[in-house]
1. Taking the options LEU354, LEU276, LEU386, LEU370, name whichever one is among the aliphatic types (A, V, I, L, M) and within 30 Å of LEU65 (Cβ to Cβ).
2. For PHE118, state whether it is open to solvent by 30 Å² or more (accessible area, probe 1.4 Å) and under 29 Å from GLY46 (Cβ atoms).
3. Answer yes or no as to whether ALA125 is open to solvent by less than 10 Å² (accessible area, probe 1.4 Å), closer than 26 Å to SER30 by Cβ and either touching a helix residue (DSSP H, G or I) at 6+ places or on another chain (Cβ under 9 Å) or β-branched (Val, Ile, Thr) (or both).
4. Could you look through segment 275-318, keep only residues that are open to solvent by less than 30 Å² (accessible area, probe 1.4 Å) and in contact with a Gly (Cβ under 9 Å, 6 or more places away or on another chain), and pick out the one that is farthest from GLY380 (Cα to Cα)?
5. Consider LYS167 against the criteria (1) in contact with a His (Cβ under 9 Å, 6 or more places away or on another chain); (2) open to solvent by less than 30 Å² (accessible area, probe 1.4 Å): it satisfies all of them except one. Which criterion is unmet?
6. Mind checking whether some residue in segment 63-75 is open to solvent by less than 10 Å² (accessible area, probe 1.4 Å) and part of a loop (DSSP other than H, G, I, E, B)?
7. Could you check segment 234-327 for helices (runs of 4 or more DSSP H) lying wholly inside it with 3 or more residues that are within 23 Å of the chain's Cα centre (by Cα) and of a type outside the set (A, V, I, L, M)?
8. Only one of ALA173, ALA204, ALA217 is among the small types (Gly, Ala, Ser) and open to solvent by less than 10 Å² (accessible area, probe 1.4 Å); which?
Amino acid sequence: MNNLLSAFRLATLPAETNSFRAEVKAFLKSSLEPAPADIRARSWMGFNAAFSKKLAARGWVGVTLPAQYGGASLDAFSRFVLVEELLAAGAPVSAHWIADRQSGPLILKFGTEAQRQFYLPKICAAEAFFCIGMSEPNAGSDLASVGTRATRCQIDGSSGWRLNGRKIWTTNAQHCHYMIALVRSSGEPQDRQQGLSQFIVDLALPGVTVRPIRDLAGDAHFSEVFFDNVLLADDALIGNEGSGWAQVNAELAFERSGPERVYSSIVLLEHWITCLRRSPHASAHAATIGRFATHLATLRNMSIAVTAKLVNGESPLVEAALVKDIGTEFEQSIPAVIEAAIAMDPDAPVDAELYRAVAYVSQVAPTYSLRGGTREILRGMIARGLGLR
């Protein structure tokens, strides 16, 4: 237990990130159009390809990827600063988000040189958007039981793969060019982690059908994706056949550890504080604001500590799961507490922007404990890391 907890001792960002932060702030100030809080609260679910291309023009998409593939060759600390500022500003980053955060690093680590040369420059130029094909209707967060299958076949005399099955809760599939899908390439579902592989699927291929799923907030971020005899070239396989489970776990460390697992509700919190500054009853909420600030500072420190492990080339799966689990609770508490505070003061002037923002975040907050792994899955990982199971 001490080994796990020691990973979260006081952590700070390197001093050289301060100048980069100032540069990012200046860019956002000049490049972002003013938007109300309920729009900015969508941030990393807000799809805006034009904004992603603006970021790419500055070299800020694929920032950790090597310069030889179009990246900025910056470290994970710089990416932390960039992400933190983007989310705090409520920038619409969803178009390039997954490719920048995990698909690009995954291809860099496990892909062939041909795959790196083809996909990574497109990612860095915001010309290739990726989604993740993990969950399935009958698998959920139990990824080891996926049933989507890739079988060997011949395509015009060359070796290839035939893909059949479906994925669900796939973010932005209707907008993306590619999916990295975890599928079974050998064995049966009862074989669990054995026989799983990852493939890059061009979503424009014949046999791919994408059906958006509209959520409670009226948005359609998620989709169900069907594969009906989709033919994949042999080089669609990432890494070695059967190594998908190890690869996807390395990928999830990137997905679970970043500031987006802490800042999903930050625009709402910031706007509520802005409204309180105009209220004669602001002092009544001072203790609540203090608790939020304390929790945020602690979670931020934990996230930076995990980032330091990534910089050192480690794969902090358990530490990332802990940050994600605790961060989710923090993010979900913000709309609940603000709703209660509004109800306690029914005579206060109505701020329509605040009402819209809290309504939106309240509707989407339940998904925070689903994306990136359910709370139950994460706590199982944490328990194993602590030696409790």
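The values are calculated or read from the model by the stated rules, or taken from the named source; none is laboratory data. Note that the structure is predicted; figures quoted are calculated from it, not measured. With ideal geometry, Cβ positions are generated from the backbone for all residues, glycine too; neighbour counts draw on all protein chains shown. Surface areas here come from the heavy atoms of the whole protein model, side chains and all, with no ligands, DNA or RNA. Shrake-Rupley method; radii C 1.70, N 1.55, O 1.52, S 1.80 Å.
1. Answer to the check: LEU370.
2. Numbers: open to solvent by 30 Å² or more (accessible area, probe 1.4 Å): yes; under 29 Å from GLY46 (Cβ atoms): yes.
Against the criterion (open to solvent by 30 Å² or more (accessible area, probe 1.4 Å) and under 29 Å from GLY46 (Cβ atoms)), PHE118 qualifies.
3. Judged against the criteria, ALA125 is not a match.
4. The selected residue is THR307.
5. Every condition holds for LYS167 apart from (1).
6. Of all residues in segment 63-75, those open to solvent by less than 10 Å² (accessible area, probe 1.4 Å) come to 63, 65.
Now restrict to residues that are part of a loop (DSSP other than H, G, I, E, B): 63, 65.
Scanning segment 63-75 turns up at least one residue that is open to solvent by less than 10 Å² (accessible area, probe 1.4 Å) and part of a loop (DSSP other than H, G, I, E, B).
7. Working: elements: 244-257, 266-276, 286-311.
Fully inside segment 234-327 and qualifying: 244-257, 286-311.
8. Values: ALA204 fails: open to solvent by less than 10 Å² (accessible area, probe 1.4 Å); ALA217 fails: open to solvent by less than 10 Å² (accessible area, probe 1.4 Å).
The conditions single out ALA173.
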